[in-house]
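K.L.:
Supplied in structure tokens, the structure appears directly below.
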Amino acid sequence: MNSLIIFSCLVAVAFSATDSPVVAALKRAFSQVDTDSDSHLSESEFEAVYDVYDKNGDGHLSLAEYLAASGVPQASAKGNFDYYDTNKDGDITKSDVRRIFSDYDGNGDGKVSFGEFSHHYAVVEKAINGAGVGVGK
């Protein structure tokens, strides 16, 4: 329990520093997904990103497609892909995207705020780093 409280405090401090490179990167990512610039992400905006990443349009985002589209280091991209491929079948589908959106939508209001986005990012990174993959591993 204490480690969870400490982690939450560290995340709060990290996200409160407006000049933090992590916050700047998260804001850029959020803005790129927020195509209607309403300061919230919708499920359709999540699905639009999926459609761009699914290069062959077959409805099955493979690790190779994810690596090519994400533009992040392979270890980080693979860690993220593996985190979201919860059934471990080697691809991410639109139904997975709906579940992912639901995970990000912490209060269940049908839209993802920057706060929810950054909070869930921290949760994902913690899970990935705990598994020995991801940023800095």
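Every number here is computed from the coordinates shown, using simple stated rules; none is lab data. Given the structure is predicted, the values throughout are model-derived calculations rather than measurements. Please note: Cβ atoms are built from the backbone with ideal geometry, for glycine as well, and neighbour counts cover all protein chains shown.
K.L.:
Counting only other residues whose beta carbon sits under 11 Å from that of Glu116, what net charge do I get with K and R as +1, D and E as -1? Write down the numbers at each step before the final one.
P.N.:
Details: positive: Lys111; negative: Asp103, Asp105, Asp109.
That sum, taken over residues with Cβ under 11 Å, equals -2.
K.L.:
Note down the magnitude of the dipole of region 18-71 about its Cα centre, charges +1 on Lys and Arg C-beta and -1 on Asp and Glu C-beta and zero elsewhere, to the nearest 20 debye.
P.N.:
320 debye
K.L.:
Of the peptides 66-72, 32-38, 100-106, how do they stack up when ordered by the mean number of other Cβ atoms within 10 Å, highest first?
P.N.:
Order by mean packing, descending: 100-106, 66-72, 32-38.
K.L.:
For a test of the definition: using alpha carbon positions, the gyration tensor, and the 1.5 limit on a/c, classify region 40-137 as rounded, prolate or oblate. Let's see the in-between values first.
P.N.:
Working: a/c = 1.74, a/b = 1.08, b/c = 1.61.
Oblate, since a/c reaches 1.5 and b/c is not below a/b.
K.L.:
If you don't mind, another one. Under a crude label model (7 Å from the Cα following the beta-carbon direction), how far is Ser95 from Arg28 in nanometres?
P.N.:
3.6 nm
K.L.:
Going by average Cβ density within 10 Å per residue, which order do the peptides 21-29, 112-120 take, highest to lowest? Walk me through the numbers on the way to the answer.
P.N.:
Values: 21-29: 13.2, 112-120: 18.0.
For the peptides 21-29, 112-120, the packing ranking is 112-120, 21-29.
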